[in-house]
Amino acid sequence: MYNIFIIYTGGTIGMVKDPESGTFIPFDFELIQKNLPDLSRLNYKLTIHSFVPIIDSSNMKPHIWVQMAELIRDNYERYDGFVILHGSDTMAFSASMLSFLLEGLQKPVILSGSQLPIGEIRTDARENLMTALEIASAKKNGKSIIQEVCILFDNKLFRGNRSFKYNSDKFEAFRSPNYPVLAEAGIHIRYNEEMLLDNTDNEFICHNQIDNRVAVLKLFPGIRKETIESVLNSDVRSIVMETFGTGNTMTDQWFLDSLSACIQSGKNILDISQCKVGSVELGRYETSQGLKAIGILNGYDMTFESAITKLMYLQGELSSQADVAHYIQQNIRGELTKND
């Protein structure tokens with residue numbers, strides 16, 4: 001019998017329709033158990049921890065990420081795997097952050113949920129939960145097949161820090177265009193074993209420090225100088241700059257001077273692409289050569305969710321801005337592919 005620890009945070013999977021307003025509101029895990037009697041027939045011993053109050057994922061906060069990480073740490077030795085039921089809207093942020101907080105995982109942490117509540121006739125909740133449980137218990141030669149934080153949705157298993165929610169209407173809610181699917185569930189669950197992390201020889205460490213002094217500068221044609229400078233002058237340690245294509249920006253001298261002054265003041269600026277597929281290649285085009293010269297950091301093919309949470313994690317761990325700048329450009333949990 002496998003011991004699985006379920007952390008129920010909330011989300012659509014456990015919602016019910018309010019009879020007065022007609023909107024979906026959070027309920028609790030008892031609703032899931034009632035609508036999934038097959039759970040009692042499985043060879044699993046399930047332990048459920050429900051957050052009180054239940055959390056709509058739009059209200060996710062750094063201290064809740066720490067609570068989830070510490071729940072896994074405190075129960076790590078007693079369970080074969082962990083399933084986190086979570087709202088899909090910010091699931092990729094939570095999966096990314098947990099991948100950084102839970103260093104050296106040798107057991108699966110699977111985030112899942114649904115696009116429709118579990119009580120609805122056509123819900124995707126049953127399949128997602130049952131498959132998540134099976135993957136959380138899967139072993140080979142006595143070791144967990146999955147040794148990382150993942151998202152399971154619509155029969156596909158994604159690396160958590162490579163994923164993003166791209167569709168709010170379809171059951172196929174998540175994608176991971178810059179990294180292959182880790183497993184796919186059909187009649188059998190087929191694992192892409194060559195692409196999985198192997199932490200067998202690593203020590204499990206749970207980190208719990210997060211520094212959320214991060215801002216976002218998303219560029220667009222016609223953006224005003226005052227808008228840019230309001231972000232650059234904000235009280236943060238790092239700025240994620242969402243650029244065009246392979247990391248390109250306008251080349252106006254005032255813009256480059258503003259970026260340079262920001263960096264000289266001690267802030268880090270990380271360049272990630274607005275494109276969902278591909279990677280930043282600083283210096284490939286003239287429009288990004290100036291960025292590289294003034295010290296803009298390369299975000300490679302990191303997702304927005306991963307870039308934000310990785311900076312928060314690194315800033316929580318490291319007081320030196322130079323150290324944050326170094327490690328944000330390194331692959332530490334399988335979150336990026338370097339192309340230089």
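Let me spell it out: the conditions are (1) closer than 16 Å to Ser163 by Cβ; (2) of a type in the set (Ser, Thr, Tyr); (3) in contact (Cβ under 8 Å) with a residue 60 or more places away in the chain, and Tyr76 meets all of them except one. Which number is the exception?
(1)
Return the total of residues in segment 165-180 being closer than 21 Å to Glu103 by Cα and outside any loop (DSSP other than H, G, I, E, B).
0
Restricting to segment 205-233, give me the number of residues that are small (Gly, Ala, Ser) and surrounded by fewer than 14 Cβ atoms within 10 Å (Cβ to Cβ).
2
Considering Met312, Met302, which residue is modelled with pLDDT of 95 or more and touching a Pro at 6+ places or on another chain (Cβ under 9 Å)?
Met312
Counting just the residues of segment 283-312 that are surrounded by fewer than 23 Cβ atoms within 10 Å (Cβ to Cβ) and under 10 Å from the mean Cα position of the chain (by Cα), which one comes out farthest from Leu336 (Cα to Cα)?
Only one residue fits best here, namely Ile308.
Anything in segment 181-190 that is part of a strand (DSSP E or B) and either touching a residue at least 40 places away in the same chain (Cβ under 8 Å) or surrounded by 19 or more Cβ atoms within 10 Å (Cβ to Cβ) (or both)? List them, or say none.
Selection gives Ala183, Ala185, Ile189.
Just checking, does segment 253-262 include any residue being at negative phi, of a type outside the set (A, V, I, L, M), surrounded by fewer than 18 Cβ atoms within 10 Å (Cβ to Cβ) and not in a helix (DSSP H, G or I)?
Within segment 253-262 (the criterion being at negative phi, of a type outside the set (A, V, I, L, M), surrounded by fewer than 18 Cβ atoms within 10 Å (Cβ to Cβ) and not in a helix (DSSP H, G or I)), the answer is no, since none of the residues qualifies.
Of the residues that make up segment 191-198, is at least one of a type in the set (Phe, Trp, Tyr), modelled with pLDDT of 95 or more and surrounded by 13 or more Cβ atoms within 10 Å (Cβ to Cβ)?
There is at least one residue in segment 191-198 that is of a type in the set (Phe, Trp, Tyr), modelled with pLDDT of 95 or more and surrounded by 13 or more Cβ atoms within 10 Å (Cβ to Cβ).
Looking at segment 130-146, I want the residues that are touching a residue at least 60 places away in the same chain (Cβ under 8 Å) and have a partner that is of a type in the set (Lys, Arg) and assigned to a loop (DSSP other than H, G, I, E, B) with Cβ atoms under 6 Å, at least 6 apart or on another chain. Which pairs are those?
What qualifies is Ser144/Lys107.
Somewhere in segment 72-90, is a residue polar (S, T, N, Q), modelled with pLDDT of 95 or more and in contact with a Gly (Cβ under 6 Å, 6 or more places away or on another chain)?
no
Could you list, in sequence order, the residues of segment 191-241 that are of a type in the set (Phe, Trp, Tyr) and either closer than 13 Å to Met312 by Cβ or assigned to a loop (DSSP other than H, G, I, E, B) (or both)?
Phe204, Phe220
Of everything in segment 147-167, what is surrounded by fewer than 16 Cβ atoms within 10 Å (Cβ to Cβ) and in contact (Cβ under 8 Å) with a residue 40 or more places away in the chain? Give them in sequence order.
Of everything in segment 147-167, just one residue is surrounded by fewer than 16 Cβ atoms within 10 Å (Cβ to Cβ) and in contact (Cβ under 8 Å) with a residue 40 or more places away in the chain, namely Tyr166.
Tally time: how many residues in segment 261-282 are more than 20 Å from the chain's Cα centre (by Cα) and in contact (Cβ under 8 Å) with a residue 60 or more places away in the chain?
Residues that pass the stated criteria total 1.
The values are calculated or read from the model by the stated rules, or taken from the named source; none is laboratory data. These numbers were taken from a predicted model, which means no experiment stands behind them. All Cβ positions, glycine included, derive from the backbone under ideal geometry; neighbour counts span all protein chains shown.
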